[in-house]
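Chemist: The structure under discussion is supplied below as structure tokens; questions concerning it will follow.
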Amino acid sequence: MAQQLPAQTLQNQDFLLKRFVTEMQDQSYQMVHIASHGLFQGTPRTTLLSPMIVNWI
């Protein structure tokens, strides 16, 4: 997506909740794309989410 549209991307260690919230408050984005992977095993304690990739335009 970032190759087709001018976008800012946060990946892995750059994606922190504090930074994401700051970006959303400081900018007016038309689109936000969040991609992640997870292993959902029934309860929140047994669920695993991998690092996220966020693009915004």
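Chemist: Note down all Cβ pairs under 7 Å where the first residue falls in the range 12-27 and is without any contact (Cβ under 8 Å) to a residue 40 or more places away in the chain and surrounded by 11 or more Cβ atoms within 10 Å (Cβ to Cβ), the second is assigned to a loop (DSSP other than H, G, I, E, B) and among the β-branched types (Val, Ile, Thr), and they're at least six residues apart or on different chains.
Modeler: If the second residue must be assigned to a loop (DSSP other than H, G, I, E, B) and among the β-branched types (Val, Ile, Thr), no pairs are left.
Chemist: Can I ask one more? Of the residues in the range 6-37, how many are touching a Leu at 6+ places or on another chain (Cβ under 7 Å) and modelled with pLDDT under 80?
Modeler: Qualifying residue count for the region: 1.
Chemist: Are any residues in the range 1-42 part of a helix (DSSP H, G or I) and either of a type in the set (Lys, Arg) or touching a Ser or Thr at 6+ places or on another chain (Cβ under 7 Å) (or both), and if so, which ones?
Modeler: Selection gives LYS18, ARG19.
The values are calculated or read from the model by the stated rules, or taken from the named source; none is laboratory data. Since the structure is predicted, the reported quantities are computational estimates derived from the model, not experimental observations. Glycine also receives a Cβ, built like all others from the backbone with ideal geometry; neighbour counts cover every protein chain displayed.
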